[in-house]
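The numbers here are math on the coordinates, done by the rules we state, and not lab data. Just so we're clear, the structure is a prediction, and the values are computed from it rather than from any experiment. Cβ: placed from backbone, ideal geometry, glycine included. Neighbour counts: every protein chain shown.
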Amino acid sequence: MNTENYFRLAALIMLGLIILTGIKMRNAGKPYNAFHFNLHKFAAVISLVMVILIFLRPENPWSVLSAVIPALFTMVLIFLSMISGGLISAKKEMPAQMKIAHMMTGYLSVFAAVVYFLIIIFL
């Protein structure tokens, strides 16, 4: 496995860490554990940066348009998930729909990232 694949694997691990810490925080309820809360946010920022860097790498095969759409979709979903997560973590209670939106964007982010990485690896 080359360095680029390790980088992709690290991005997927970060996305998995986001899911795991999010589930742990949801089950524990507010007030959130500071360690899990900060790890969740840190992993979200790192995963977004990693997906952007993978997307912008110079040797990216842009002749394969099918790789561009999942990459952009992944970045947008991670960003939306970060915004909805920030609203959920605010002192004011948010509607249940916001929590569902945050959960769904997180799961869809991981799915889109897996599709994107599989397209890049196999095409």
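Out of region 84-115, which trypsin sites (Lys or Arg not before Pro) are coil in DSSP terms and have no more than 10 other C-beta atoms within 10 Å?
The qualifying sites are 91, 92.
Rounded if a/c is under 1.5, else prolate if a/b is larger than b/c, else oblate: which is region 11-59, with a ≥ b ≥ c the root eigenvalues of its Cα gyration tensor?
Taking the square roots of the gyration eigenvalues as a ≥ b ≥ c, region 11-59 is prolate.
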